[in-house]
1. Counting only residues that are open to solvent by less than 50 Å² (accessible area, probe 1.4 Å), under 14 Å from Asp193 (Cα atoms) and modelled with pLDDT under 80, give me the helices (runs of 4 or more DSSP H) lying completely in region 268-325 with at least 1 of them.
2. Report the residue count in region 182-216 for those that are in contact (Cβ under 8 Å) with a residue 12 or more places away in the chain, open to solvent by less than 80 Å² (accessible area, probe 1.4 Å) and farther than 19 Å from Phe116 by Cβ.
3. If you check Ala146, Ala138, which single one turns out to be small (Gly, Ala, Ser), part of a helix (DSSP H, G or I) and open to solvent by 50 Å² or more (accessible area, probe 1.4 Å)?
4. May I ask you to list the residues in region 111-122 that are touching a helix residue (DSSP H, G or I) at 6+ places or on another chain (Cβ under 7 Å) and over 15 Å from Asp212 (Cα atoms)?
5. Check region 218-231 and report whether any residue there is open to solvent by less than 70 Å² (accessible area, probe 1.4 Å), farther than 24 Å from Tyr117 by Cα and touching a residue at least 60 places away in the same chain (Cβ under 8 Å).
6. Those residues that are touching a Lys or Arg at 6+ places or on another chain (Cβ under 9 Å) and among the acidic types (Asp, Glu), I need them from region 19-41; list them, please.
7. So which of Leu168, Leu179 is surrounded by 18 or more Cβ atoms within 10 Å (Cβ to Cβ) and not charged (D, E, K, R)?
8. What helices (runs of 4 or more DSSP H) lie completely within region 1-109 and have 3 or more residues being open to solvent by 60 Å² or more (accessible area, probe 1.4 Å), modelled with pLDDT under 90 and of a type outside the set (A, V, I, L, M, F, W, C)?
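The values are calculated or read from the model by the stated rules, or taken from the named source; none is laboratory data. None of the values given here were measured: they were computed from a predicted structure. Neighbour counts are summed over all protein chains in view; Cβ atoms, including those assigned to glycine, are modelled from backbone coordinates with ideal geometry. Note: accessible area is taken over every heavy atom of the protein model, side chains too, but ligands, DNA and RNA are not part of it. Shrake-Rupley method; radii C 1.70, N 1.55, O 1.52, S 1.80 Å.
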Amino acid sequence: MLLSQQDVLKLGMGAGNETAVAEFILEGFSGLDQRLQLFLSLILLLMYLTTLKGNTMIIFLVCVDHRLQTPMYFFISNLAFLEIWFTSSTTIKLLVILSSGRRTISLKSCFAQSYFYVALGFTEFALLVVMSFDRYVAICQPLHYAAIMKQQLCTHLVVAAWVLGFTLLSYRLVLLSKLTFCGPNKIQHFFCDSSPLFKLSCSDTTLLWKADSIFISFVVLGSLCLIMVSYMCIFHCILHMPSASGRRKAFATCSSHLTALAIVYGSCIVLYARPSEGVSLETNTVVALLNTVLYPFLNPFIYSLRNKTVKLALEEALGRPKVWLFPRS
């Protein structure tokens with residue numbers, strides 16, 4: 001005897017933690033030709049390997065070179081470490097999907113990916129606030145910088161960012177584990193993002209929707225406001241610098257930082273602040289790529305590898321003359 005959709009939903013709701021769906025199918029980029037998928041996978045693989053190499057190099061240089069053992073590079077090395085895990089949480093599965101066509105992901109792996117994606121993202125927002133505060137003190141309070149940004153304070157700020165990011169989001173694992181899935185198992189994305197995952201559940205996801213909305217609004221918009229306040233104060237101090245060359249250098253550094261912030265915050269606002277019904281699958285996946293692939297790829301170049309001190313430390317670590325790596329024009 002065939003069951004109606006309502007009967008199936010009731011059975012799923014009454015099954016507790018037992019689910020009829022054992023795995024999901026990730027539908028992201030399924031509309032592309034197979035050759036285009038392979039081409040895209042090669043590009044993403046090169047970007048992913050470059051991201052790993054660049055961020056690992058930053059962590060290594062900060063650990064071995066005493067000139068980089070400052071609060072600024074301490075925060076940057078933590079951001080580099082986070083970016084490795086953040087991009088890996090989604091990119092590895094995406095590469096498997098595009099190169100081999102294996103689109104299935106188990107229930108537990110999907111929940112874990114969703115949790116780590118959000119937890120690492122929230123930790124990154126906290127680190128970006130800390131880094132903007134560090135730049136404010138360095139530019140606006142240079143004489144008091146060493147007294148304010150002591151090693152103990154820097155360590156406490158970083159630990160607080162990691163702990164808050166993962167503990168505050170632990171509610172997701174608890175609530176996700178209580179969801180039942182008894183209907184369609186196709187996720188319209190290339191990873192287990194919240195919105196398409198919640199829509200597939202037979203359970204009442206109202207609490208998860210509300211909790212995510214509150215946390216996303218508080219963390220994303222709250223951290224953005226704090227960063228903007230810091231940079232407004234920084235720009236005010238830069239305008240009052242007596243040296244024209246110093247102003248140009250400071251503006252160039254801040255503009256590159258703001259470009260990176262525009263990518264990460266812009267993509268998050270487009271993905272999570274707008275009604276999901278108004279965003280097409282194609283737009284969603286492209287914008288998500290900016291957040292999960294492009295931003296981690298650009299970070300090493302924006303925050304570190306353009307810096308003369310980092311270049312010199314890299315040249316010395318490789319044991320090569322300066323002209324070999326960075327020839328003057």
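1. Per the criteria, 281-289.
2. Of the residues in region 182-216, 8 are in contact (Cβ under 8 Å) with a residue 12 or more places away in the chain, open to solvent by less than 80 Å² (accessible area, probe 1.4 Å) and farther than 19 Å from Phe116 by Cβ.
3. Residue meeting the stated conditions: Ala146.
4. Gln113
5. Yes, the conditions are met somewhere in region 218-231.
6. Listed by number, the list holds a single entry, Glu27.
7. Of the residues listed, the single one that is surrounded by 18 or more Cβ atoms within 10 Å (Cβ to Cβ) and not charged (D, E, K, R) is Leu179.
8. In region 1-109, 5-13 are the helices (runs of 4 or more DSSP H) which contain 3 or more residues that are open to solvent by 60 Å² or more (accessible area, probe 1.4 Å), modelled with pLDDT under 90 and of a type outside the set (A, V, I, L, M, F, W, C).
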